[in-house]
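Have a look at the structure below before the remarks.
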Amino acid sequence: MKFQFVFLLPILLLSCQSAPEIAQAKAKEVIIQDAVSIPVYDFDGLAPLLAQENDTTYVINFWATWCVPCVAELPYFEQLLEKYKNDKVKLILVSLDFRNKVHQSLIPFLKKNPLKGQVVLLDDNDSNTWISKIDPSWTGALPATIIYRNKQGAFFEKSFTFTELETELLNIKNN
């Protein structure tokens, strides 16, 4: 499924009216505990990360520590990041863990499993609104992934194997 940038662009422009560049994401706060730092965004703050226009290919994975398939595929995202570390590929892991469980679940998970991808927390209770802004076909199920470069991209509501993930990355990166 093609990622619907047409739906997202007006939202991004509205959410960043005073910013000259929409690529500037604004975290509400940063949670720091035990040498783990997690920026916290609402959807409006996160939206600019979903539509950067430059020569980087972005892989954005929506996941949670309580989602078994999400945790199972995280090593593939890390492997992808390692394999393409000399290319312009950026991995953003958007945790949908509950805000009140961050200290009990997310931070201990990250301490035990240090991830090289950028981990951020999406703390926005209005999921009925922002899920369809990410992609109109998204039911809200996890895991979900966006892979994009400039205005070309794709949305996936599924788990990946490494081979599938790499194939999709290369489809976007090389076009």
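No lab work stands behind these numbers, since they all come straight from the coordinates. Since the structure is predicted, the reported quantities are computational estimates derived from the model, not experimental observations. Virtual Cβ from ideal backbone geometry, glycine too; neighbours counted across all protein chains shown.
Anyone know which of 79, 104, 152 comes out most mobile in the 10 Å Cα GNM of the chain?
104
Would you please give the residues with an amide H less than 5 Å from that of residue 119, counting only those at least 5 places away or on a separate chain, with H modeled from the backbone geometry?
Hits under the 5 Å cutoff: 93.
Please identify every one of the trypsin sites (Lys or Arg not before Pro) in region 69-175 that sits in a loop by DSSP and has no more than 13 other beta carbons within 10 Å of its own beta carbon.
85, 88, 116, 151, 158
So for 97, 87, 42, fewest C-beta neighbours within 10 Å to most, what's the order?
87, 42, 97
Given contacts defined as C-alpha pairs under 8 Å and at least six residues apart, what's the relative contact order of region 43-109, whole-number percent?
Normalised by residue count, the contact order of region 43-109 is 41 percent.
If Lys and Arg each add +1 and Asp and Glu each add -1, what is the summed charge of the other residues whose beta carbon sits under 12 Å from the beta carbon of residue 55?
Neighbourhood net charge equals +2.
Residue separation times 0.36 nm, minus the C-alpha to C-alpha distance between residue 66 and residue 170: what's the value?
Extending this stretch completely gives an extra 34.5 nm.
Round to a whole angstrom and tell me the spacing of the C-alpha centers of region 69-83 and region 42-56.
If we compute the Cα centre of each part, the gap is 21 Å.
Relative contact order for the chain: what is it in percent, counting Cα pairs under 8 Å that are at least 6 residues apart?
In percent, rounded to a whole number, it is 29.
Can you give the % of DSSP beta bridges in the chain that are antiparallel, to the nearest 5?
Counting only bridges with both partners in the chain, antiparallel ones make up about 55 percent.
Amide H neighbours of residue 89 under 5 Å, counting only residues 5+ apart in sequence or on other chains, H built in-plane at 1.01 Å?
57
Between residue 127 and residue 35, what FRET efficiency comes out of the Förster formula 1/(1 + (r/R0)^6) with R0 = 30 Å and r the beta carbon distance, rounded to 0.05?
Taking R0 as 30 Å, the efficiency between residue 35 and residue 127 is 0.50.
If you place +1 on the Cβ of every Lys and Arg, -1 on the Cβ of every Asp and Glu, and leave all else neutral, what size is the dipole of region 61-175 about its Cα centre, to the nearest 20 Debye?
380
Just to check I understand the Karplus step: with θ = phi - 60° and J = 6.51 cos²θ - 1.76 cosθ + 1.60, what whole-Hz values come out for region 135-148, glycine and proline as x?
6, x, 8, 6, 7, x, 5, 10, x, 9, 9, 10, 10, 8
Once semi-axes √(5λ) of the Cα gyration tensor in Å is worked out from the coordinates, which option in (i) 34, 18, 15; (ii) 22, 21, 16; (iii) 24, 19, 16 does it equal?
Working out semi-axes √(5λ) of the Cα gyration tensor in Å from the coordinates points to (ii).
Within region 63-143, how many Lys pairs that are eight or more residues apart, or on different chains, come under 21 Å at the alpha-carbon?
Value for region 63-143: 6.
Which whole DSSP H helices in the chain pass both tests: a Cα extent of 20 Å or more along the axis and a mean Kyte-Doolittle value no lower than -0.5?
68-83
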